[in-house]
Amino acid sequence: MTDAISAKAKRNVIFLVIVASLGYFVDIYDLVIFSIVRTKSLHDIGVTDANLRLQGVFVINMQMFGLLLGGIIWGIIGDKLGRIKVLFGSILLYSIANFANGMVHDINTYAIIRFIAGIGLAGELGAGITLVSETLSKERRGYGTTIIAVIGLFGAVAAAVVGQFDWRIAYYVGGGLGIVLLLLRLGTFESGMFKSMAQTTVSKGNMLMLFNNRKRFLKYLYCILIGAPLWYVVGILVTQSPEFGKALGSTETLSAGTGILYTYVGISIGGIFAGVLAQITRSRKLTMLVFLVLSLISVICYLSTKGITGEQFIWLCSFMGIAVGYWATFVTIAAEQFGTNIRSTVTTTVPNFVRGSLIPINFIFNLFVVHYGMVQSGYIMMFILTAIALFSLSQLKESFDKDLDYVEDEKNFAS
């Protein structure tokens, strides 16, 4: 009888990991689909070539603001009402928004719906990582979060394939994937740690706790900063590859869509290596150190390739993707740094704040470009972000073997 119960529990855990992985798959699909269909969709709703870049920036910024707001909303809900409620609510909002996206005919409606979709998507990764981290043993949770990242990041591959067809269909497919995932989630279960914590009177989902204690605030900030180089690589170096190609003397126009595809394939491969390295070394900090240094080397290779060809670009994007494949490790570190009563808030806001950091990074990068040009600015920004990330990493404690069944005190550090 005990063996039967154990076998059922294992199946439930495996199912939970799969559902969380598919949630991140949908997350990444939607995160990049606009970048892939941007030109076709904006042209279709009447945006002229002269306004294409600015209107595209407007829409993507609205999506990023949605992610920032949604990260806060779903994080707090996850700690107050449960991780499962986030998984259901976020995917439902996302699905409705994507179906609506396929019906837009003007730029303002497009941007507003992208904002709503961003809010919906914001809960996926954080809630999934939190739930898996609290359900699996400390020895195995790294494998669980690695599986989430690897399967999830192939959402970019799916987006690249579907995006080749009609852009409205691409959004309908995204909405359909969300509905299927919503049905699958009917079989999921709540975290035992959350259930135990929910019965107590401890403050839950109180985001002010991240700011009312200096040590706790700095730890939260460091968790965000260690992920910034990754989003810089994807959001600027790859997304603006046509401009970088021109600056490097490329004889052909580099494709941002192709770059995103191969970068995310690389990130999936890198995610496997990062997860395995963390398990072998029993150190997430050492894994992050290795990958941060490797990412710096990969960017130097990219920016020093004069006369870059399309084939070289594909290989370099794959290399950069592998080098920044620490996304799951980085989010897992954030989950392991804080108590159960604000873990969902942290794990949901941290990756979305990293994504949102692209806004100030873009602003600073553009200031550098005015004085130093694309390539030199690319170097400068990467060196600055890597230095900040390495310092932040040095300030965090190793969390690989950490017991996560504890809570944060409202005034003191932890209890």
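The values are calculated or read from the model by the stated rules, or taken from the named source; none is laboratory data. All values reported here derive from a predicted model rather than from experimental measurement. Cβ: placed from backbone, ideal geometry, glycine included. Neighbour counts: every protein chain shown. All accessible areas refer to the heavy atoms of the entire protein, side chains included, with ligands and DNA or RNA removed. Shrake-Rupley method; radii C 1.70, N 1.55, O 1.52, S 1.80 Å.
Identify all residues within the range 247-259 that are open to solvent by 10 Å² or more (accessible area, probe 1.4 Å) and either assigned to a loop (DSSP other than H, G, I, E, B) or free of Cβ contacts under 8 Å to residues at least 40 places away in the same chain (or both); write none if there are none.
Residues of the range 247-259 open to solvent by 10 Å² or more (accessible area, probe 1.4 Å): 247, 249-253, 255-258.
Scanning the range 247-259 gives G249, S250, T251, E252, T253, S255.
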Original post:
If we only count helices (runs of 4 or more DSSP H) wholly inside the range 129-193, which ones have 3 or more residues that are among the β-branched types (V, I, T), over 17 Å from the mean Cα position of the chain (by Cα) and surrounded by fewer than 24 Cβ atoms within 10 Å (Cβ to Cβ)?
Top reply: 167-184
Subject >> Residues satisfying the stated conditions in the range 223-242, i.e. surrounded by fewer than 24 Cβ atoms within 10 Å (Cβ to Cβ) and hydroxyl-bearing (S, T, Y) >> reply: T239
**OP:** Determine the pairs where a residue that is under 11 Å from L177 (Cα atoms) and open to solvent by less than 10 Å² (accessible area, probe 1.4 Å), located within the range 83-107, has a partner that is among the charged types (D, E, K, R) and in a helix (DSSP H, G or I) with Cβ atoms under 8 Å apart, the partner being 6 or more residues away or on another chain.
**Re:** I91/E124; I91/R185; Y94/D30; Y94/E124; N98/D30
**OP:** Please state which one of F165, F194, F211, F217 is hydrophobic (A, V, I, L, M, F, W, C) and modelled with pLDDT of 90 or more.
**Re:** F217
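For (1) closer than 16 Å to P242 by Cα; (2) open to solvent by 20 Å² or more (accessible area, probe 1.4 Å); (3) modelled with pLDDT of 90 or more; (4) within 17 Å of the chain's Cα centre (by Cα), each residue gets a yes or a no:
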{"site": "E311", "(1), (2), (3), (4)": "yes, yes, yes, no"}
{"site": "V324", "(1), (2), (3), (4)": "no, no, yes, yes"}
{"site": "T332", "(1), (2), (3), (4)": "no, no, no, yes"}
{"site": "Q337", "(1), (2), (3), (4)": "no, no, no, no"}
{"site": "I359", "(1), (2), (3), (4)": "no, yes, no, yes"}
Original post:
Just one of the numbered conditions (1) closer than 16 Å to K219 by Cα; (2) of a type outside the set (K, R); (3) within 21 Å of the chain's Cα centre (by Cα) is not true of F391; which one?
Top reply: (3)
Subject >> One residue from A50, A20 being open to solvent by 60 Å² or more (accessible area, probe 1.4 Å) and assigned to a helix (DSSP H, G or I) >> reply: A50
Original post:
Would a scan of the range 264-287 turn up a residue that is closer than 30 Å to K397 by Cα, of a type in the set (F, W, Y) and in a helix (DSSP H, G or I)?
Top reply: yes
Original post:
If you go through the range 260-290 one residue at a time, how many are open to solvent by 10 Å² or more (accessible area, probe 1.4 Å) and within 18 Å of T146 (Cβ to Cβ)?
Top reply: 15
